[in-house]
């Protein structure tokens, strides 16, 4: 599943290179030349990851990272700091405000993409293209195929995203609102009961391979993907 990656970089040439690398890696690049522009963009779309330059006009990257991590709505967004500052002290400052990684300029496109993939795998595994298997149920994001017990399972786009999210967040209980935010996007306005409809469709599809019981209803709370039958 492609990730929406916000690039906050005030050097147009570097921003262009970053956006190109992100696009070639299969993700969507959202560009901002300053923190002010980034904040305006985030009112429309909450990114899955932020590449954040340290030295920016107005509010600098360190201050912006601190602000993001103090806001309940944005504190879970992974941040990779980009900077020419290579001193250990500066790296520690970046990590202390909540940055997930720190890349020193100049950097190679291959290294940056590896860092992005590593952070997404750790913080937002549903945004990677890594195949995943749980209890004999296999999902491959790159080919958009699902199979189980030697049976192919046909899923619509929404059911596929829902299953991918469940499989990469197994054993956790998710409310309908949380599923809407993570699978549909927090800027999409649909009713909570829409989740129930797609859960039902997903269970019906998984019945082909006998995996429908992996999706459990937790009364009064929401849904959970679990290999346990409690």
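The table below lists the values:
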| item | result |
| --- | --- |
| All Cα pairs of the chain, percent lying beyond 23 Å | 52 |
| In range of the label at residue 140: residues from the range 1-43 whose backbone nitrogen is under 15 Å from the point 7 Å along Cα→Cβ | 1 |
| Potential extension, residue 170-residue 193 segment - 0.36 nm per residue separation minus Cα distance | 6.1 nm |
| Size descriptor, Kirkwood hydrodynamic radius, that averages inverse alpha-carbon separations across the range 20-60, Å | 11.2 |
| log10 of Debye I(q)/I(0), alpha-carbon scatterers only, for the range 132-225 at 0.16, 0.24, 0.25 Å⁻¹ | -0.60, -1.35, -1.45 |
| Segment residue 60-residue 154, extension gain: residue separation times 0.36 nm, minus the distance between their alpha carbons | 29.1 nm |
| Cα long-axis angle, helix 12-24 against the chain (0 to 90 degrees, to the nearest 10) | 20 |
| The range 48-122: proportion of alpha-carbon pairs further apart than 19 angstrom, % | 30 |
| Ellipticity estimate at 222 nm from DSSP helix runs (n ≥ 4, -39,500 (n - 2.57)) divided over the chain, nearest 500 | -11000 deg cm²/dmol |
| Extension gain (nm, one decimal) between residue 110 and residue 147, 0.36 nm per residue minus Cα-Cα | 10.1 nm |
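Every read-out reported here was derived from the displayed coordinates using simple, explicitly stated rules and does not represent laboratory data. None of the values given here were measured: they were computed from a predicted structure. Heads up, the Cβs are rebuilt from the backbone with ideal geometry, glycines too, and the neighbour counts pull from every protein chain shown.
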